[in-house]
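*Asks:* To start, I am sharing the structure in question, which I have written as structure tokens.
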Amino acid sequence: MSKQELEKVAGNGLINRRHLLGLGLAGVGVAASSSLLGADAGMNLEIPSWSKQPGPGASGYGSRSKFADDMQRLSGNPNPLYPGGGASRSPLHQLQGSITPNSLHFERHHAGIPDIDPSRHKLVIHGLVRQPLVFSYEDLLRYPMVSKIYFLECSGNSGTLFGPNPADGTAQSIHGLVSGAEWTGIPLYTLLDEAGVEPEAQWINAVGADAASMGRSIPLNRAMDDVMIALFQNGEPVRPEQGYPMRLFVPGCEGNISVKWLTQIKLSTEPSHFRDETSKYTDTRLDRKSLQFTYPMGTKSVITSPSGKMKLERQGVYQVSGIAWSGRGSIRRVEVSADGGRTWADAMIQSHQSEKALARFLIPWEWSGGDAILQSRATDSQGNVQPTRTSLVTEKGNISTYHFHGIQSWAVNTAGDVANVYA
Amino acid sequence: MSTLRKRITLGALCFSLCAGISSAVFAQSLGSPISESQLRGFDLIAPPDGSGYPGGGGTAIQGKVIFESRCSACHGMKGEGTSAVTRLVGGDMQSEKRPIRTVGSYWPHASTLFDYVQRAMPADAPKSLSSSEVYQVIAYILNMNGIIEASLVLNRDSLQQVEMPNKDGFIDSSQAL
């Protein structure tokens, strides 16, 4: 199929997403791979060495190919003045689909990862309840559980984009504080009902068993909704860096309130005003008033390929691919622009569109060797549309750098270099 | 109250429906009863309403000694910080430029200072201070910020009276959709 037969649907080379399906996909495949085949023409294929000898057998615990072990979380250097503190970011530019492997799920710790012996860990529910209760890990494993796929995003994710100058970064370094997983656990209301919530209770106060005893307050009506005590992540026990043996999981909301290493839930009439809901994780507006308890994460999308610091080696058809999510519903639509937002084309949403989960989107794009600015714009099931960076920064200012969910721009120059820009 | 109940029931219903299981299977009771008095050493929550504060107390003068030996390596001798996140003193929410937000300029409640230092500081040895030492060292931080006098004995009663400069600076957005 020649290039001319690929239907262009927006400026600067965006191709109708239907070419990703059936016959159309074959067309894209040919266009993208013809030059590759050309380079190897004349070479005869031979049976490789690994096809001539048996490999090692089955093992008790799997590991990835040594050829794929460059895929790493990106973390800062340990800081002796902040023992155990800091974050690591998921390699979004290398991942596919909408589930993050547990070993690459982003992390944020305030005092390191506690080494918790589950047989000695306790979960206490007390305060304004008829009967304060304590649960062991063994107790909790016996409750019926629910499993749901959700994203988790740190409210500081992409925060650098509030700054005056565009960071020279990658999808990972700028946006890597978001991940997706299947979480399995006990609906929180089950345990609250068992303890018997007193009518005057309005808040839960959740505290972790790490060295910072990190605490957050959550209104009871939200806590009674889809919040769970998560014990499993992608089928295996929640990993230590994600809160082993148990964490709170508050779908769609800033990651910090999904308190890890959960050990205490106290019901009260008022929030505790913990440090991480006053000093931090609050949003100071331009008028110097600050919004407190801003939980839901905005409607957002990020192009993960092509993305920052990649290089397009040759002209031709590329698949523009990325992830989209919303703390308020499912992703209904993702549009992509190759001309800095002048014209837009609908991308194909590849993964099942479930609530508060990552959705993978794709659209073919022909790069003809000129300048391009790639952007994506998500719309969720509530009709929320991802705003431009300019409108977000104009509205919110940049005193606080939480909850960035504006449209981000990757510029491709004539040499094929991809870089984060403000457009 | 009936609206809250309704919300709770609706929430439960939605969750079980979404998960494809009936709420009947949740009828389990495996928690063991415990009393609030058994949780006295476990529950560190010290909210603005004054509940949950231990006895003990002291002054900023006493706190200075603790601060200089236990905190200043990371927070600077005068609380000026060794990084943006460890600055504890100064700032002004009304400044023309991007305001510097610290305990003194930003925090709405003095209780948060007690609660946080008791649970999380010093970062290299959390929960190693006695209750009186926590009162004293936070008295010193409040004093360096010009919020209390050096001679004030900070304890569970006087802490309740401390007014923070930015106490009216916050808007509760917890019910925003």
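*Asks:* Within the stretch B:148-177, can you find the residues that are within 14 Å of chain A (Cβ to nearest Cβ), under 21 Å from A:T269 (Cβ atoms), open to solvent by 40 Å² or more (accessible area, probe 1.4 Å) and not β-branched (V, I, T)?
*Replies:* B:Q160, B:K167, B:D168, B:D172, B:Q175, B:A176, listed by residue number.
*Asks:* Right, another one. Within the stretch A:222-232, which residues are assigned to a loop (DSSP other than H, G, I, E, B) and under 19 Å from the mean Cα position of the chain (by Cα)? Let's see the steps before the verdict.
*Replies:* Let us first name the residues in the stretch A:222-232 that are assigned to a loop (DSSP other than H, G, I, E, B), namely A:224-227.
Passing the criteria: A:D226, A:V227.
*Asks:* If you don't mind, there's one more thing I want to ask. Within the stretch A:399-423, can you find the residues that are open to solvent by 50 Å² or more (accessible area, probe 1.4 Å) and within 29 Å of A:K280 (Cβ to Cβ)?
*Replies:* Within the stretch A:399-423, A:T401, A:Y422 qualify.
*Asks:* When you scan the stretch A:177-221, how many residues do you find that are in a loop (DSSP other than H, G, I, E, B) and of a type in the set (D, E, K, R)? Spell out the reasoning first.
*Replies:* Step one: of the stretch A:177-221, the residues in a loop (DSSP other than H, G, I, E, B) are A:177, A:196, A:198-202, A:209-214.
Imposing the further condition that a residue be of a type in the set (D, E, K, R) reduces the set to A:198, A:200, A:210.
The qualifying residues number 3.
*Asks:* Hey, among A:S179, A:S158, A:S217, A:S173, which residue is within 14 Å of another protein chain (Cβ to nearest Cβ) and in contact (Cβ under 8 Å) with a residue 12 or more places away in the chain?
*Replies:* A:S217
*Asks:* Pairs needed: first member in the stretch A:64-83, more than 14 Å from chain B (Cβ to nearest Cβ); second member anywhere, of a type in the set (A, V, I, L, M); C-beta distance under 8 Å; at least 6 residues apart or different chains.
*Replies:* A:R64/A:M71; A:M71/A:L95; A:M71/A:L104; A:Q72/A:L104; A:R73/A:L104; A:S75/A:A87
*Asks:* Might you check whether a residue that is closer than 20 Å to A:E254 by Cα, open to solvent by 50 Å² or more (accessible area, probe 1.4 Å) and within 19 Å of the chain's Cα centre (by Cα) occurs anywhere in the stretch A:365-377? Explain how you work it out, then say what you get.
*Replies:* Step one: filter the stretch A:365-377 for residues closer than 20 Å to A:E254 by Cα, giving none.
No, every residue in the stretch A:365-377 fails to be closer than 20 Å to A:E254 by Cα, open to solvent by 50 Å² or more (accessible area, probe 1.4 Å) and within 19 Å of the chain's Cα centre (by Cα).
*Asks:* Within the stretch A:325-335, identify whether any single residue is touching a helix residue (DSSP H, G or I) at 6+ places or on another chain (Cβ under 9 Å) and within 24 Å of A:G176 (Cβ to Cβ), and answer yes or no.
*Replies:* Checked against the condition, which is being touching a helix residue (DSSP H, G or I) at 6+ places or on another chain (Cβ under 9 Å) and within 24 Å of A:G176 (Cβ to Cβ), the stretch A:325-335 yields no hits at all.
*Asks:* What residue, among those in the stretch A:130-155 that are surrounded by fewer than 22 Cβ atoms within 10 Å (Cβ to Cβ) and more than 10 Å from every other protein chain (Cβ to nearest Cβ), is farthest from A:I204 (Cα to Cα)?
*Replies:* Looking at residues that are surrounded by fewer than 22 Cβ atoms within 10 Å (Cβ to Cβ) and more than 10 Å from every other protein chain (Cβ to nearest Cβ), I get A:I149.
*Asks:* If I ask for residues that are in a loop (DSSP other than H, G, I, E, B), charged (D, E, K, R) and over 24 Å from B:T102 (Cα atoms), which ones from the stretch B:26-53 would you list?
*Replies:* B:R40, B:D43 - these are the residues of the stretch B:26-53 that are in a loop (DSSP other than H, G, I, E, B), charged (D, E, K, R) and over 24 Å from B:T102 (Cα atoms).
*Asks:* Have a look at A:S158, A:S90 and point out the one that is open to solvent by less than 10 Å² (accessible area, probe 1.4 Å) and at positive phi.
*Replies:* A:S158
*Asks:* Give me a count of the residues in the stretch B:7-35 that are open to solvent by 80 Å² or more (accessible area, probe 1.4 Å) and modelled with pLDDT of 95 or more.
*Replies:* 1
The values are calculated or read from the model by the stated rules, or taken from the named source; none is laboratory data. On a predicted model such as this, the values are computed, not experimentally measured, just so you know. Neighbour counts are summed over all protein chains in view; Cβ atoms, including those assigned to glycine, are modelled from backbone coordinates with ideal geometry. With ligands, DNA and RNA removed, areas are computed over all heavy atoms of the protein, side chains included. Shrake-Rupley method; radii C 1.70, N 1.55, O 1.52, S 1.80 Å.
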